[in-house]
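Below you'll find the structure, written out as structure tokens, and then a few comments.
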Amino acid sequence: MLLALGQKVIATARDAERIRDLEQAGAAVMSIDVTWSPEKLKEVAVNAIEVYGRVDYVINNAGYVCQGAVEELNHQETYDLFNTNVFGVLNITRSFLPHLRERRSGGIVFISSLTSTQDFPGITTYSAAKAAVSRLGEGLKAEVEPLGIKVLSVDLGIFRTNINKRNTNLKKAVQVIPDYKPINDRYDTYCERVIGNEPNDPKLGALRIVEIITQSGMASGREVPARILLGE
């Protein structure tokens, strides 16, 4: 979608082979794991900036769900979840901020979830992680907006993505506690009902995000809000 708008794009994934189609379409592609050390991610930022000479906007979209009640997730599962969803996002942001500060322009987008604003039994740890991401974006906006850097947090509704598909972005806690079976069954039923019937188009959602952070299209002439809910 961004390529169709004439934007220069650096697409990233843990395995760059998965996004070679974007390279064929004109994007630069890079392998990035947001759980790499902060030092390595800073090197990644330097390499990314060298691709086109600058980076204008950073889109933080890394994340996955680990299903299970709070008690069912062990320490490592909880740490890994927060490491990707929160600390990885934080370290990517820190890696690019010096470049954006130096130029006194550009922006950062934090992709969060509507689960950050409500109780969602069965994925409470994920909801907590996304709440942290949303608040990180809101607070960062107050810190860097005076420096010319725009920040937007997006609480996404239900879009046609892989987030709820097993063996992709949805994991399950190893420990199973029978008392929590009802809430896990309800979440399983929810996923079965939603997958394939998601009401929101990710391409249209991406377009709206681009318009808002760049203050163009439908958002032309409007201030960039701190946080929005996008989709139902």
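Nothing in this text is a laboratory measurement; each read-out follows from the coordinates by a stated rule. It should be emphasised that the depicted structure is a prediction, and the values quoted were computed from it without experimental measurement. Counting neighbours? That spans all protein chains shown, and the Cβs are built from the backbone with ideal geometry, glycine included.
Couple of notes before you dig in:
- Straight Cα distances below 17 angstrom link Lys40 to the aspartates and glutamates Asp15, Glu50, with same-chain residues fewer than 8 positions distant left out.
- Anisotropy class of region 65-120 from Cα gyration tensor, a/c 1.5 cut: oblate
- Order of Lys8, Lys130 under a 10 Å beta carbon neighbour criterion, fewest first: Lys8, Lys130
- Taking other C-beta atoms within 10 Å as the exposure proxy, Ser216, Ser37 rank Ser37, Ser216 from fewest upward.
- Amide H within-cut-off set for Gly107, under 5 Å, with H built and near neighbours excluded: Tyr57, Val58, Lys150
- In the frame of its principal axes, region 1-54 has Cα extents of 33, 25, 13 Å, reported largest first.
- Candidates Gly221, Gly63, Gly137: whichever shows maximal mean-square fluctuation once the chain is modelled as a Gaussian network with Cα springs under 10 Å: Gly221
- Taking Lys and Arg as +1 and Asp and Glu as -1, the other residues whose beta-carbon sits under 12 Å from that of Ser127 total -1.
- Neighbours of Phe87, meaning other residues whose beta-carbon lies under 13 angstrom from its beta-carbon, give a summed charge of -1 when Lys and Arg score +1 and Asp and Glu score -1.
- Separation of alpha-carbon centers, region 1-52 and region 122-137, rounded to whole Å: 25 Å
- log₁₀ of I(q)/I(0) at q = 0.13, 0.19 Å⁻¹ - region 102-232, Debye sum with one point per alpha carbon: -0.63, -1.10
- Value of relative contact order over the chain, rounded to a whole percent, pairs C-alpha under 8 Å and six or more apart: 20 percent
- Taking θ as phi - 60° and the Karplus parameters 6.51, -1.76 and 1.60, the scalar couplings of region 219-232 work out to 9, 4, x, 9, 6, 6, x, 6, 7, 9, 9, 10, x, 9 Hz in sequence order, x denoting glycine and proline.
- Estimated vicinal HN-Hα couplings, Hz - region 31-36 in sequence order (Karplus 6.51, -1.76, 1.60; Gly, Pro = x): 8, 9, 10, 5, 8, 4
- The H on the amide N of Leu230, modeled in the peptide plane, is under 5 Å from the matching H of Asp155, Leu156, Gly157, each at least 5 residues off or on a different chain.
- Result for the chain in a Gaussian network model with C-alpha springs under 10 Å: among Ala142, Ala132, Ala69, the largest mean-square fluctuation is at Ala142.
- Set the Cα radius of gyration of the chain against 2.2 N^0.38 Å, with N its number of residues, and you get 1.03.
- Net charge of Cβ neighbours under 11 Å - reference Pro225; Lys, Arg +1; Asp, Glu -1: +2
- Rounded FRET efficiency, nearest 0.05, which uses the C-beta distance separating Ala28 from Glu143 and R0 of 30 Å: 0.55
- For region 6-104, the Kirkwood estimate of hydrodynamic radius, built from reciprocal distances between every pair of different alpha carbons, is 14.8 Å.
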